[in-house]
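Participant: This is the structure I want to talk about, given as structure tokens.
Values in this text are rule-based calculations from the coordinates and carry no lab data. Not measured: the values here are computed from a predicted model. A quick note on method: Cβ atoms are made from the backbone with ideal geometry, for glycine too, and the neighbour counts reach across all protein chains shown.
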Amino acid sequence: MKYSKYSAVVIGSGIAGLYAALKIEQQINLEDGILIITKSKFGESNSLYAQGGIVGVMKENKSDSTASHISDTIKAGAGLSDFNAVKYISEHSDNVIKDIMKFGVEFDRDENNNLCFTREAAHSVRRILHCGGDATGRMIEIALCQKVQENANIDVYEQTSAVELIVNSKDECKGVIVFNDDTQEYETIYSPAIILATGGIGQLYKYTTNPSGATGDGIALAYRAGAVMQDMEFVQFHPTALAIDGEENRFLISEAVRGEGAKLCDSKGNEFMQKYDERKELAPRDIVTRANYREMIEHNVDNVYLNATCIESSKLFKRFPTISKKCKEHGIDISQDFIPVAPAAHYFMGGIKTNLNGETSLKGLYAIGETASTGLHGGNRLASNSLLECVVCAYSVTEYLKSLELKTPKQIDEDIKSLIDKYSDEDMIPDELDIPELKKKLQDIMWDNVGIFRNEKTLTNAIEQIKELQAEFSREYKCQSKEEYEFKNMLTVSLLIAYCALRRKESRGAHYRTDYPETQEKAIHSFITREEGVPDFVK
Ligand code: FAD
Ligand code: SIN
């Protein structure tokens, strides 16, 4: 097998990965250079589709303060947010946002060149910065991708999946094995700093706002390598994905549309949010999602509607050009028609447990962005806090790495050799596995049993069925394609989510148990490691 060495390897080309690579290159003198590995086209990621914006607690916004942002984040987090994480990330918002502007990110400004701030659900003031109206993720990605491409010190491997972390007998991460989907070749890359920025898990569910790459790879890799996972039962479902028949990967109708005044209603225009929460459309996301889902179940319909016709049409088209264009393609004029919407899996609050330096429980392994669980979001993420966490944690991991001597490992121990051999073996004998079909089965199981409402029966049922799929799939190490590697990871992460959801006998934030609707007084994080594993008795 080919091998190479780098002083730092970033896995993922979303906003967390790109900004981390740029900061590390800018701040640290690296003997063996820096590499970004990304499994699809460079820049393809959840980040690319982010719409509403990024929280900017900016000094020039006199109506805002870190105290107010901290309070809103903690309230939305349903008691599970870690105060220190919230405070650190909020307090670094101003300087990190100003720093990303230096990399070419241009936020929308008014006619006097002042930054425009919008509002989203559960924020007490307007504090969301946006680009291109509703194309925030795309514009930030384009700017950061361009800076990486211009930077001769950052190498990029495209169409290359990380498939195994190399961890020695002392629980130290020494590198990563990667698989190139174009050439079908494997390579071992040694590095003292492996940074997972592999994003979310939306593809585990039948309906999702996430693109096809959101298969939880980094989480599965880190779990198999022995790292600690946190709060795996907390999956955020967005209340308003565009509900068009036959489309399971759903286009998002940003919460910012409700922030500007749009209302949820039934097909006749009857509003219903007042029944569920006094904050109505601007209640935290978990509450609005359950309200929409309850309305759908009660009236036996596939969607509810968003009425944006109350927003002045010139403002509506200027502020939401991407959304109005997409709706138009489906014959919906958002200034005249109701928009059919339904909930969809959107974001993962759980993930690889890290501290604010991005350190995981394994030395040499770091995680940032959606794949990590810093404790910021608790049981329910406040809108637009994810992009903020991506950039602040990319900044903080760089600050931490500055204090280390990043020497690439010289001696390779026996455990590592035997692991690498598993990928160097003779070619596998191809067998017939219909991955799209298996994937669909898994997505149905997760949506039906581990979704917006769960209980002991549905969760036990899901675990049983996922284990059956795992037996059918029967790959332990080497797989035959990128899609097989993704499916292997999806099975691992699905099982962890279902098992952790079964263990948490309460409802909190986005985790809603119909058999335990009460929230316990004390909020406790949940953890799981490979040693502990998913026990066999869960059958
Ligand atoms: P991603 O952007 O998902 O990037 C992950 C990268 O890792 C990708 O390049 C992927 O190809 C790569 N990768 C994955 N696995 C592997 C592997 N095995 N090997 C190699 N590469 C791999 N948040 C906000 O704060 N504000 C918003 O307005 C907002 N809007 C959103 C709208 C939509 C439609 C969606 C889906 C999400 C939105 N979010 C928003 C959430 C936010 O976009 C994400 O949480 C955030 O972009 C995650 O960034 P990331 O860098 O951690 O991961
Ligand atoms: C949205 O625009 O509604 C998504 C914002 C987010 O996920 O933070």
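Participant: Suppose every K and R has +1 on its Cβ and every D and E has -1 on its Cβ; what is the size of the dipole of the stretch 295-363 about the Cα centre, in Debye to the nearest 20?
Facilitator: It works out to roughly 500 debye.
Participant: Hey, which lysines would be in cross-link range of LYS457, C-alpha to C-alpha under 18 Å, not counting anything within fewer than 8 residues on its own chain?
Facilitator: Output for LYS457: LYS467, LYS505, LYS539.
Participant: So for the pair SER335, ASP302, with labels modelled 7 Å out along Cα→Cβ, what separation do we get in nm?
Facilitator: 2.9 nm
Participant: By Kyte-Doolittle mean hydropathy of at least 0.0 and Cα axial length of at least 24 Å, which whole DSSP H helices of the chain are selected?
Facilitator: 385-402, 482-503
Participant: Holding the Cα-Cα limit at 32 Å, pick out from LYS353/LYS439; LYS315/LYS441; LYS407/LYS522; LYS363/LYS478 the pairs that are longer than that.
Facilitator: Beyond 32 Å: LYS315/LYS441; LYS407/LYS522.
Participant: Whose amide H sits under 5 Å from the amide H of GLU164, counting only residues 5 or more places off or on another chain, with H placed in the peptide plane?
Facilitator: Answer set, sorted by chain and number: ILE177.
Participant: Further question on the same structure: Pull up all non-local amide H partners of LYS353: gap of 5 or more, or a different chain, and H-to-H distance under 5 Å with H placed in the peptide plane.
Facilitator: Placed amide hydrogens put VAL228, MET229, GLN230, SER373 under 5 Å from LYS353.
Participant: About its Cα centre, what dipole magnitude does the stretch 246-362 give when the only charges are +1 on Lys and Arg Cβ and -1 on Asp and Glu Cβ, stated in debye to the nearest 20?
Facilitator: 280 debye
Participant: In the chain, what percentage of the DSSP-assigned beta bridges are antiparallel, given to the nearest 5?
Facilitator: Taking every DSSP beta bridge within the chain, about 60 percent pair in antiparallel fashion.
Participant: Further, regarding this structure: Taking the chain as the region of interest, what is the percent of Cα-Cα pairs per 20 angstrom bin, listed from the shortest bin to the one with the maximum distance?
Facilitator: Values per bin, smallest distances first: 23, 58, 19, 0.
Participant: Here is a follow-up. Calculate, axis by axis, the spread of Cα positions in the stretch 1-154 along the three principal axes, and write the results as whole Å, longest axis first.
Facilitator: So the extents along the principal axes, rounded to whole Å, are 55, 39, 28.
Participant: Now, a different point. Please give me, ordered by residue number, the GluC sites (Glu not before Pro) of the stretch 458-534 that lie in loop per DSSP and have at most 13 other Cβ atoms within 10 Å.
Facilitator: Loop-located and lightly packed - GLU476, GLU518, GLU521, GLU531, GLU532.
Participant: Where nothing but the Cβ of Lys and Arg (+1) and of Asp and Glu (-1) is charged, how large is the charge dipole of the stretch 56-152 around its Cα centre, in debye to the nearest 20?
Facilitator: Rounded to the nearest 20 debye, it is 180 debye.
Participant: Looking at the stretch 184-259, which GluC sites (Glu not before Pro) are DSSP coil and have at most 16 other C-beta atoms within 10 Å of their C-beta?
Facilitator: GLU185, GLU247, GLU248
Participant: Would you mind getting me the FRET efficiency between SER212 and GLU185? Use the beta-carbon distance for r and R0 = 25 Å, nearest 0.05.
Facilitator: 0.65
Participant: Note down the relative contact order for the stretch 102-256 as a percent, whole number, built from C-alpha pairs under 8 angstrom at least six residues apart.
Facilitator: Computed over the stretch 102-256, the figure is 15 percent.
Participant: Here's something else I'd like to know. Between ASN29 and ASP110, what FRET efficiency comes out of the Förster formula 1/(1 + (r/R0)^6) with R0 = 60 Å and r the beta carbon distance, rounded to 0.05?
Facilitator: Efficiency at R0 = 60 Å is approximately 0.90.
Participant: May I ask you to list the aspartates and glutamates whose Cα is less than 14 Å away from that of LYS326, ignoring any residue fewer than eight positions away on the same chain?
Facilitator: Filter leaves ASP134, GLU247, ASP337.
Participant: Separate question: Residues of the stretch 504-539 with the amide nitrogen closer than 20 Å to a label point 7 Å from the Cα of LYS441, along Cα-to-Cβ, please.
Facilitator: Taking a point 7 Å out along Cα→Cβ of LYS441, the residues of the stretch 504-539 whose backbone N falls under 20 Å are 538-539.
Participant: Further, regarding this structure: Give the lysines whose C-alpha is closer than 19 Å to that of LYS280, dropping any in the same chain fewer than 8 places away, or say none.
Facilitator: The qualifying lysines are LYS75, LYS263, LYS268.
Participant: While we're on this one: Could you list the residues of the stretch 288-314 with an amide nitrogen less than 12 Å from a label point located 7 Å from the Cα of ASP266 in the Cα-to-C-beta direction?
Facilitator: 295-301, 304-305
Participant: Between GLU468 and THR514, take the C-beta separation as r, use R0 = 35 Å, and let me know the FRET efficiency to the nearest 0.05.
Facilitator: 0.90
Participant: List CYS265, CYS310 from most exposed to least, where exposure is judged by having the fewest other Cβ atoms within 10 Å.
Facilitator: So the ranking, lowest neighbour count to highest, is CYS310, CYS265.
Participant: Same structure again: Can you give me the P(r) profile for the stretch 318-437? Cα pairs, bins 10 angstrom wide beginning at 0, each as a whole percent.
Facilitator: In order of increasing distance, the bins hold 10, 21, 21, 26, 15, 7, 1 percent.
Participant: Restricting attention to the stretch 83-112, which GluC sites (Glu not before Pro) occupy a DSSP loop and are surrounded by at most 11 other Cβ atoms within 10 Å?
Facilitator: GLU106, GLU111
Participant: Using label points projected 7 Å from each Cα along Cα→Cβ, tell me how many nm separate LYS422 and SER169, to one decimal.
Facilitator: Computed distance between label sites LYS422 and SER169 equals 1.7 nm.
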